[in-house]
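Take a look at the structure below.
The values are calculated or read from the model by the stated rules, or taken from the named source; none is laboratory data. Because the structure is predicted, anything quoted here is derived from the model rather than measured. Please note: Cβ atoms are built from the backbone with ideal geometry, for glycine as well, and neighbour counts cover all protein chains shown.
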Amino acid sequence: MIVLDIESSGLDTGKCGIWQIGAFELENPENQFLEEARIDEEDIVKPDSILVTGKTEEEMRNKEKQSQKQLILNLFEWVKTCENKLIIGQNIGWDLTFIQNKCLKYGIQDIFRKISGFKGLDTYSIAQLKYLEKKGEFSIKEDGRGDMGLHKVLEFCGMEDKRIGLDEKNKVKKEGTPHNALEDCKLTGECFYRLMYGKNLFSEYSKYKIPEVLKK
């Protein structure tokens with residue numbers, strides 16, 4: 001299985017660009033992918049993306065870096081090295097939609113369909129179902145929306161989120177490290193492993209004890 005994450009110049013999958021993609025093979029965590037690209041000239045850059053990644057617009061548009069199309073093609077080549085191509089991610093539909101839109105733009109959608117497909121396993125849904133099983137209710141915000149972003153998933157899995165965090169108005173609510181696609185993949189993969197198997201995946205996260213409710 002493949003744990004996937006992208007870093008973009010904003011949340012709009014039709015107007016923003018992908019500047020970083022990270023992934024690793026769950027059955028062989030040392031098999032990893034992390035590459036960056038320049039966003040297209042017409043792609044817009046949202047202020048919140050600068051806040052969470054620590055990158056400037058100039059860095060995202062660095063013409064010395066490869067194109068988004070080449071970045072995505074390189075990802076597809078890497079995916080071929082994985083036997084099980086089922087994709088896992090936090091809110092993975094957003095990442096796959098972003099990649100799909102770029103594939104449509106560059107005329108490489110058939111490659112995307114053959115290599116990875118359009119669907120995946122979402123740790124948001126898995127964590128919500130596990131939360132329901134253990135707590136008797138879903139994790140819900142005061143306004144009625146679901147509350148199981150990666151920060152909440154990490155908390156539920158006994159992990160610490162050291163990344164910078166934004167509030168609903170895209171203001172910094174928690175200082176921390178910039179978001180990185182491979183790091184987010186590893187955090188997501190660790191949570192998936194704890195949720196599904198009640199076990200630790202990466203030794204670097206073994207200092208965080210697995211909650212009793214998740215142990216098998």
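Restricted to the range 122-154, and to residues that are surrounded by 14 or more Cβ atoms within 10 Å (Cβ to Cβ) and aromatic (Phe, Trp, Tyr), which residue is nearest to residue 164 (Cα to Cα)? Step by step, filter the range 122-154, then rank; the result is 124. Among the residues making up the range 196-207, those that are touching a Lys or Arg at 6+ places or on another chain (Cβ under 9 Å) and in a loop (DSSP other than H, G, I, E, B) are 198, 199, 200, 201, 202. Cβ-Cβ contacts under 7 Å between residues 6 or more apart (or on different chains), taken from a first residue in the range 187-216 that is surrounded by fewer than 16 Cβ atoms within 10 Å (Cβ to Cβ) to a second residue that is small (Gly, Ala, Ser) and modelled with pLDDT of 95 or more, are listed as 208/158; 209/158; 211/158; 215/198; 216/198. Would you confirm, using the coordinates I've provided, whether residue 63 is in contact (Cβ under 8 Å) with a residue 24 or more places away in the chain, within 26 Å of residue 189 (Cβ to Cβ) and part of a loop (DSSP other than H, G, I, E, B)? It is false that residue 63 is in contact (Cβ under 8 Å) with a residue 24 or more places away in the chain, within 26 Å of residue 189 (Cβ to Cβ) and part of a loop (DSSP other than H, G, I, E, B).
Candidates 51, 86, 26: the one that is modelled with pLDDT under 95 and farther than 26 Å from residue 107 by Cα is 51.
Table: residues versus (1) under 24 Å from residue 31 (Cα atoms); (2) among the aliphatic types (A, V, I, L, M); (3) not in a strand (DSSP E or B).
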| residue | (1), (2), (3) |
| --- | --- |
| 144 | no, no, yes |
| 151 | no, no, yes |
| 155 | no, no, yes |
| 158 | no, no, yes |
| 173 | no, no, no |
| 179 | yes, no, yes |
| 190 | yes, no, yes |
| 210 | no, yes, yes |
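Of the numbered criteria (1) without any contact (Cβ under 8 Å) to a residue 24 or more places away in the chain; (2) outside any loop (DSSP other than H, G, I, E, B), the one residue 41 fails is (2).
Candidates in the range 96-116 are the residues that are within 12 Å of residue 72 (Cβ to Cβ) and of a type in the set (D, E, K, R); of these, the one that is surrounded by the most Cβ atoms within 10 Å (Cβ to Cβ) is 102.
The one condition from (1) in contact (Cβ under 8 Å) with a residue 12 or more places away in the chain; (2) part of a helix (DSSP H, G or I); (3) within 18 Å of residue 180 (Cα to Cα) that residue 58 does not meet is (1). Restricting attention to the range 34-87 and to residues that are surrounded by 14 or more Cβ atoms within 10 Å (Cβ to Cβ) and of a type in the set (Ser, Thr, Tyr), the residue that is nearest to residue 11 (Cα to Cα) turns out to be 49.
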